[in-house]
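Single-structure report; data block below.
The values are calculated or read from the model by the stated rules, or taken from the named source; none is laboratory data. Just so it is clear, the structure is predicted and the values come from calculations on it, not from any experiment. Positions of Cβ are generated from backbone atoms using ideal geometry, with glycine treated the same way; all protein chains shown enter the neighbour counts. What goes into the accessible areas is simple: the full protein's heavy atoms, side chains included, and nothing from ligands, DNA or RNA. Shrake-Rupley method; radii C 1.70, N 1.55, O 1.52, S 1.80 Å.
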Amino acid sequence: MGLSKTIWATPTEYLRHHSPDHPVLFFSPAILQATARRFIKGFPGLVTYAVKSNPDETVLANLVAAGVKGFDVASPVEMDTIARIAPGAHLHYNNPVRSRSEIRHAVAMGVASYSVDSHSELVKLGELVPANGVEISVRFTLPVEGAAYNFGAKFGASVEKAVDLLTLTEQLGFTPSLTFHPGTQCTDPRAWDSYIRAAADIAKAAGVKIARLNVGGGFPSHRLNEVMPQLEATFDLIARVTKEAFGPDAPKLVCEPGRGLVAESYSLATRVKAIRDDAHVFLNDGVYGALSELHLVGVIDRIGVFGPFATPRTGTSVMRTVFGPTCDSLDKLPSDLAFPADMEEEDHVMFYGMGAYSVATATKFNGFGQITLETVQTHR
Ligand SMILES: *Cc1c(COP(=O)(O)O)cnc(C)c1O
């Protein structure tokens, strides 16, 4: 082990010392491990992590340290990363569309759990993957709401088709399971209720006893001040509805959160470049950087504004339109934000809950996006 990096108490301590002119992401390993333990303690089954939401190797190592034993991997690169950082962890290859060479890679890595949502991809797996002890989960979708955007638009078989796919999965000798993803940032737990009952109907119609039910990601993070995610209540609902719907044939449960596990462990410091003609706020990061997801999932209003020496601004709120630094006119946050009226140029604007789909998708478009990463004990 080399020298350990500086661990700052909070982002404001860092801002006081450095007053950075580039965006900074702050990672709290303690908060990530606490969230992981909350999932492991509360979720009534196996907790796996959807690597795409934040594949940073320090994140992965901290999840392993907290006891996460399975990972949802979508590509050979993600498989190789997990094999290196978490040797022996379960790899769940739940990207339902794969090339033949990707499947061969997975077989060589010992992947024993796949998902499908189409006949052609199931036949392909049947040709390339020895069935012995290997699980295939049929992924289905329902037209239910509750999430920030519709995942079913790309993936998931209809209920009728899922019945056929489940039957064929069993005939091919694979261990039959079911899976769904209710949609990311799913703040309405009733979505899981509908999906779990539909899963029981699919298994019954196919006459197949499923080994496991993977209830997806979709667990929301705390993005808006007034909408607090109800994690434990959702876990309890999942356990109760599974018992009710399946009775004595209840499958083992799996979840594969990305956002819900990792979001709260990061915050982002941006800097006010300009307040143009006392109206528009221009920040040094935007939708091509760590805020890339906001125009898909909606704005984050858990923010804090800090003036010189990281002193919090406390003025009354004014709503302002917010732009990122690039010359692209799309580089604008999807909703106005409330900022303290005494905010000035060169202040720092902190966004909280920034761990998911931020580092993973940031670009360096137009010469911006030089984001650095610092470690903190906690965020405020
Ligand atoms: C992206 C993804 C997840 C994680 O979704 P979150 O909304 O971040 O929890 C889980 N499972 C699959 C198959 C995914 O593609």
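Overview of results
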| quantity | calculated |
| --- | --- |
| Hits in segment 57-75 (condition: farther than 15 Å from LEU46 by Cα and open to solvent by 30 Å² or more (accessible area, probe 1.4 Å)) | GLU57, THR58, ALA61, ALA65, ALA74, SER75 |
| Residue that is within 16 Å of the ligand (Cβ to nearest atom) and either at pLDDT 95 or above or open to solvent by 10 Å² or more (accessible area, probe 1.4 Å) (or both), where the choices are ALA211, ALA199, ALA206 | ALA199 |
| Condition broken by SER99, with the remaining ones in (1) more than 25 Å from ASP117 (Cβ to Cβ); (2) more than 16 Å from the ligand (Cβ to nearest atom) satisfied | (1) |
| Output for segment 219-236, where each listed residue is outside any loop (DSSP other than H, G, I, E, B) and surrounded by fewer than 17 Cβ atoms within 10 Å (Cβ to Cβ) | GLU232, ALA233, ASP236 |
| ILE31 being within 20 Å of the chain's Cα centre (by Cα), open to solvent by 20 Å² or more (accessible area, probe 1.4 Å), in contact (Cβ under 8 Å) with a residue 60 or more places away in the chain and within 24 Å of GLN377 (Cβ to Cβ) | yes |
| Extreme residue, modelled with the lowest pLDDT, among residues of segment 130-147 that are open to solvent by 30 Å² or more (accessible area, probe 1.4 Å) and among the small types (Gly, Ala, Ser) | ALA147 |
| Residues located in segment 338-358, provided they are touching a residue at least 40 places away in the same chain (Cβ under 8 Å) and part of a strand (DSSP E or B) | PHE339, HIS348, VAL349, MET350, PHE351, TYR352 |
| Considering residues of segment 102-127 that are charged (D, E, K, R) and within 20 Å of ILE82 (Cα to Cα) only, the residue farthest from the ligand (Cβ to nearest atom) | ARG104 |
| Matching option when the condition is within 16 Å of the ligand (Cβ to nearest atom) and open to solvent by less than 10 Å² (accessible area, probe 1.4 Å), among VAL281, VAL262 | VAL262 |
| Any hit, segment 148-170, residues being within 10 Å of the ligand (Cβ to nearest atom), open to solvent by less than 20 Å² (accessible area, probe 1.4 Å) and outside any loop (DSSP other than H, G, I, E, B) | no |
| Of the criteria (1) touching a Leu at 6+ places or on another chain (Cβ under 9 Å); (2) open to solvent by 20 Å² or more (accessible area, probe 1.4 Å); (3) not in a helix (DSSP H, G or I), which one VAL318 fails | (1) |
| Selection count, segment 288-303, where residues are in a loop (DSSP other than H, G, I, E, B), open to solvent by less than 10 Å² (accessible area, probe 1.4 Å) and not small (Gly, Ala, Ser) | 2 |
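Residue-by-condition table, conditions (1) open to solvent by less than 60 Å² (accessible area, probe 1.4 Å); (2) of a type in the set (A, V, I, L, M); (3) free of Cβ contacts under 8 Å to residues at least 40 places away in the same chain:
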| position | (1), (2), (3) |
| --- | --- |
| ASP21 | no, no, no |
| PHE26 | yes, no, no |
| ALA36 | yes, yes, no |
| PHE39 | yes, no, no |
| VAL47 | yes, yes, no |
